[in-house]
Amino acid sequence: MSAEVQINAGLGITEAFRLLTGLLAENKISQAEAEARVLLLAATQMSRAQLITQSDRIISTSEADVLSVWITRRLAGEPVTRITGRRDFWTLDLRVTPDVLDPRADSEVIIETTLDLLGARRNDNLRILDLGTGTGALLLALLSECPQATGVGIDLSPAACAVAQDNGQRNGLAARATFQQGHWADALNETFDLVLSNPPYIETATIAGLDTEVRDHDPMLALDGGPDGLTAYRAIIKDLPRLLRPSGLCVLELGIGQAGAVTALAEAAGLAQKALRRDLGGVERALALAWP
């Protein structure tokens with residue numbers, strides 16, 4: 001645990017921002033400026049515009065106390081999203097708790113790929129399924145872009161379902177999204193135009209070697225993909241023949257190097273690869289499947 005850092009009241013916003021940025025940079029945190037801004041915004045409840053127009057505003061004692069606790073936690077290795085309890089994903093403002101995976105920017109390629117493949121169909125009355133929904137990020141992002149669509153998110157964790165439901169309300173999408181506890185698609189008896197999933201895909205034996213920000217703060221349920229990392233894909237793909245409508249599309253998030261193995265599982269179930277897209281880091285991250 002890092003030594004406690006004290007942020008003093010009476011600092012101006014600009015001065016506090018520079019101090020936080022410097023502390024983060026000194027501790028080799030790559031996105032120091034961005035994280036300093038997130039911490040300041042959350043602690044002061046200011047908007048980004050106010051942070052600029054009110055740069056001479058003075059930090060109060062209570063705000064300084066919050067920042068002192070938060071920067072100490074961050075320097076000890078806790079992710080900033082876990083500290084503030086929120087994450088920007090796509091165009092959404094999501095609540096993040098210890099019960100859910102913190103959605104990363106890499107997952108936005110799932111949304112980009114899906115929208116690209118849907119084309120004009122995004123305006124249809126689509127029915128969407130999100131398996132292992134967590135925060136509800138994938139389902140809610142697609143609903144925000146598909147105005148006539150409705151969807152259901154499934155998660156094994158009842159606590160995760162509650163977080164996802166709250167995120168639907170926070171983003172004005174609750175009327176078109178429902179969330180329920182379940183083991184993948186076992187309890188479902190309807191068909192869908194679109195099936196999405198960011199399943200657990202880390203090989204069990206490698207979890208101990210993950211970065212501490214992932215290993216110590218994301219729920220194990222959302223990380224552990226079994227001995228070969230493919231357990232969840234097998235469970236999802238075996239049900240796709242009964243879940244996908246004739247013109248249906250399935251888009252899965254992949255771990256590093258898993259494209260070939262997951263595609264093979266899909267082809268064995270009678271599905272074909274529709275697209276394979278890389279994330280900003282060059283990793284093959286989004287696999288789209290459809291009927292041949």
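The values are calculated or read from the model by the stated rules, or taken from the named source; none is laboratory data. Bear in mind the structure is a predicted one, so any value in this text is a computation, not a measurement. Note that each Cβ is placed from the backbone with ideal geometry, even for glycine, and that neighbours are counted across all protein chains shown.
In a strand (DSSP E or B) and among the small types (Gly, Ala, Ser): is that true of Gly172 in this structure? Quick ask: steps written out before the conclusion?
Values: in a strand (DSSP E or B): no; among the small types (Gly, Ala, Ser): yes.
In short, no.
Answer yes or no: is there a residue in region 112-126 that is surrounded by fewer than 21 Cβ atoms within 10 Å (Cβ to Cβ) and touching a helix residue (DSSP H, G or I) at 6+ places or on another chain (Cβ under 8 Å).
Yes, that holds for at least one residue.
Evaluate the following for Asp93: is it surrounded by fewer than 19 Cβ atoms within 10 Å (Cβ to Cβ), closer than 30 Å to Leu287 by Cα and touching an Asp or Glu at 6+ places or on another chain (Cβ under 7 Å)?
no
Just to be sure I understand the filter: pairs with C-beta atoms under 9 Å, separated by 6 or more residues or on different chains, first member in region 129-148 and at negative phi and buried (at least 24 other Cβ atoms within 10 Å of the Cβ), second member basic (Lys, Arg) and part of a helix (DSSP H, G or I). Which pairs pass?
Leu142/Arg122; Leu143/Arg176
Of all the helices (runs of 4 or more DSSP H) wholly in region 189-292, which have at least 2 residues that are closer than 23 Å to Ala159 by Cα? Spell out the reasoning first.
On the way: elements: 212-215, 231-243, 259-268.
Hits in region 189-292: 212-215, 231-243.
Which of (1) touching a Leu at 6+ places or on another chain (Cβ under 8 Å); (2) within 13 Å of Leu194 (Cα to Cα) is the odd one out, the single condition Leu92 does not satisfy?
Only one criterion in (1) touching a Leu at 6+ places or on another chain (Cβ under 8 Å); (2) within 13 Å of Leu194 (Cα to Cα) is unmet by Leu92, namely (2).
Here is a list of conditions, (1) surrounded by fewer than 17 Cβ atoms within 10 Å (Cβ to Cβ); (2) over 27 Å from the mean Cα position of the chain (by Cα); (3) not acidic (Asp, Glu), and Ile7 meets all of them except one; can you say which number that is?
(1)
Only one residue in Leu94, Leu75, Leu20, Leu67 is in contact with a Lys or Arg (Cβ under 7 Å, 6 or more places away or on another chain) and not β-branched (Val, Ile, Thr). Which one?
Details: Leu75 fails: in contact with a Lys or Arg (Cβ under 7 Å, 6 or more places away or on another chain); Leu20 fails: in contact with a Lys or Arg (Cβ under 7 Å, 6 or more places away or on another chain); Leu67 fails: in contact with a Lys or Arg (Cβ under 7 Å, 6 or more places away or on another chain).
After ruling out the rest, the residue left standing is Leu94.
Among the residues in region 279-286, are any in contact with a helix residue (DSSP H, G or I) (Cβ under 6 Å, 6 or more places away or on another chain), in the same structural domain as Asp124 (by TED's automatic domain parsing) and crowded, with 21+ Cβ neighbours inside 10 Å?
Initial filter on region 279-286 (in contact with a helix residue (DSSP H, G or I) (Cβ under 6 Å, 6 or more places away or on another chain)): 279, 284-286.
Applying the additional criterion that residues be in the same structural domain as Asp124 (by TED's automatic domain parsing) yields 279, 284-286.
Right, trim to crowded, with 21+ Cβ neighbours inside 10 Å and you get 285-286.
Yes, that holds for at least one residue.
Could you list all residues from region 238-292 that are touching a Pro at 6+ places or on another chain (Cβ under 9 Å) and within 13 Å of Val195 (Cβ to Cβ)?
Scanning region 238-292 gives Leu252, Glu253, Ala269, Leu271, Trp291.
Limited to region 174-198, what total is found for residues that are more than 27 Å from Leu230 (Cβ to Cβ) and surrounded by 21 or more Cβ atoms within 10 Å (Cβ to Cβ)?
Here is the first cut: in region 174-198, the ones more than 27 Å from Leu230 (Cβ to Cβ) are 174-178.
So of that shortlist, the ones also surrounded by 21 or more Cβ atoms within 10 Å (Cβ to Cβ) come out as 177.
Residues that pass the stated criteria total 1.
Report whether or not Asp166 is at pLDDT below 95, closer than 30 Å to Val69 by Cβ and not β-branched (Val, Ile, Thr). Give the derivation first.
Values: at pLDDT below 95: no; closer than 30 Å to Val69 by Cβ: yes; not β-branched (Val, Ile, Thr): yes.
Taking the combined requirement at face value, the residue does not satisfy it.
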